[in-house]
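Report on the following structure.
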Amino acid sequence: MDPWVQRAAVVIAGRAERELEALVGVSSPSGDVDGAEECAAICVALLPEEASVERIQCSSPGHAPDLLARLAGTGARRVLLLGHVDTVVATERHKPLRHDGDHLVGSGSVDMKGGVVLALGVLRALAARPEAYAEAALLLVCDEEWRTAPFAHKERFAGWDACLCFEAGELTPDGGEAVVVRRKAAGTVRVKAHGRSAHSGSAPERGRNALLALAAAAQAVAGHNAPDGPDRLTAVPTVLHAGDAFNVVPGGGELICDLRADDEAAIVAAVEAIPREHDGVALEPALARLWPGMHSEAATEPLLARAGEALGRPIVGRPRGGASDASHLAATIPLTVDGLGPRGGKAHNPGEFVLAPSLATRAEVALAVTAAALAD
């Protein structure tokens, strides 16, 4: 293993659990300004002294500013480290970090405060070797989990040499180190139903049932689900709200669906196929968000080969279905690698966890990929 990678990984791993405990101790669901500000304060305290800190406007209105930390060096290349501090867990369900054997269990631990901890550690390691880069930056956003606005920072980093995103890491089927180089496009569809209310006992025939219409729309979306098809489209209805009383025909409601595909066009086609009317109820579908896919396999193959040499074991690029901010930057920074965070599981669920031993091994992976990205 490259000596710098080995030494720096030991330092990062030695601090990682305490830093993760501090970050997970803060409830920071998307849109919670106070939670985002507290996370930003912790991250600033953990940055290297050499870093300049800037708060830049978040992509989503009403959110706290995003955090940008920069290091100026004397080398030739520019690398961006990327992460987010927001979670999907509401404050009333938030769980601070606790130890359960090798599991570090807590809200947002693997998605993605564990990755943020490793990214901070990599930036501190880079501060000690300014000759390796012209500029190294860390961008931490606070709206990744539920952003419908366009990503605001795409042009700011256009032309940079590499983007390294610290979403959760993984292993290959045979136990080797893996990173993410391909992601599906992601779409969130909202379908609004406009029917007519009526008493469900005395005059149900006067109503136009929004719930039944939305159920038909949900079936139409699910009918496009084809994970083994040419576009690997997954089309899943996820949330349905309709009606306010048990004895009233629901006159309105809303359906939300999650769609993922290799090609954005497959998502758009599925939305266009949703009927605009069902049994007298008007249906109004719209794409609340459409995130691009990421296809960095070819561009990152030489990089991962060099990183594997620095690590002393292979690093394999793999696909992943979940959305990530790396996808927004991959179009303007072809050398984009994701999945550099620690390994864990149960993201967005009460038992979300990071595997404690992976903090050290994934720090090694992240440092090796960083070193390879900065090599001429």
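Every number here is computed from the coordinates shown, using simple stated rules; none is lab data. Quick caveat, the model's predicted, so the values are computed rather than measured. Here the Cβ positions follow ideal geometry from the backbone for every residue, glycine too, while neighbour counts run over all protein chains shown.
Here are some notes:
- Neighbour counts of C-beta atoms inside 10 Å place H99, H241, H224 in the sequence H99, H241, H224, starting with the fewest.
- Here the relative contact order of the chain, from alpha carbon pairs under 8 Å that lie six or more residues apart, stands at 24 percent.
- Separation of alpha-carbon centers, segment 4-70 and segment 212-247, rounded to whole Å: 37
- Taking the alpha carbon gyration tensor of the chain, multiplying each eigenvalue by 5 and rooting it gives semi-axes of 41, 22, 18 Å, largest first.
- Applying the criteria of a DSSP loop state and at most 12 other Cβ atoms within 10 Å to the trypsin sites (Lys or Arg not before Pro) of segment 263-352 yields R276.
- With a Cα cut-off of under 19 Å and a minimum spacing of 8 residues unless on different chains, the lysine pairs in the chain number 4.
- Derived scalar couplings between HN and Hα for segment 35-52 equal x, 5, 5, 5, 4, 4, 5, 5, 5, 4, 5, 9, 6, x, 4, 6, 6, 8 Hz in order, rounded to whole Hz, by the Karplus curve 6.51 cos²θ - 1.76 cosθ + 1.60 (θ = phi - 60°), x for Gly and Pro.
- Expected 222 nm ellipticity per residue - DSSP helices of 4 or more, -39500 (n - 2.57), all of the chain, to 500: -9500 deg cm²/dmol
- For segment 1-110, applying the loop criterion from DSSP together with a ceiling of 10 other beta carbons within 10 Å to the GluC sites (Glu not before Pro) yields E49.
- Amide H contacts of A162 (H built 1.01 Å from N, under 5 Å, at least 5 apart or other chain): R78, L80
- Chain lengthening between H199 and D174 when straightened (0.36 nm per residue, less Cα-Cα): 3.0 nm
- DSSP-assigned coil residues among GluC sites (Glu not before Pro) in segment 161-224, each with at most 12 further Cβ atoms within 10 Å: none
- Principal-axis analysis of the Cα atoms of the chain puts helix 114-127 at an angle of about 30° to the longest axis.
- About the centre of its Cα atoms, segment 189-291 shows a dipole size close to 380 debye [charges on the beta carbon of Lys, Arg (+1) and Asp, Glu (-1) only; nearest 20 debye].
- For E170, distant residues with modelled amide H under 5 Å away: A178
- With bins 5 Å wide beginning at 0, the percent of Cα pairs of segment 189-291 falling in each bin runs 3, 15, 24, 20, 15, 10, 7, 4, 3, 1, 0.
- Each residue of segment 164-224 gets 180 Å³ once the volume of the Cα convex hull is shared out per residue.
- Scanning residues 5 or more positions from T87 or on other chains, those with amide H under 5 Å from its amide H are S28, S30, with H placed 1.01 Å from N in the peptide plane.
- 3J(HN,Hα) from dihedral phi, segment 273-285, Karplus parametrisation 6.51/-1.76/1.60, rounded to Hz, x for glycine, proline: 7, 5, x, 8, 7, 8, 6, x, 9, 6, 10, 10, x
- Whole-Hz ³J(HN,Hα) from phi, Karplus 6.51 cos²θ - 1.76 cosθ + 1.60, for segment 295-303, glycine and proline x: 9, 10, 4, 5, 5, 9, 4, x, 4
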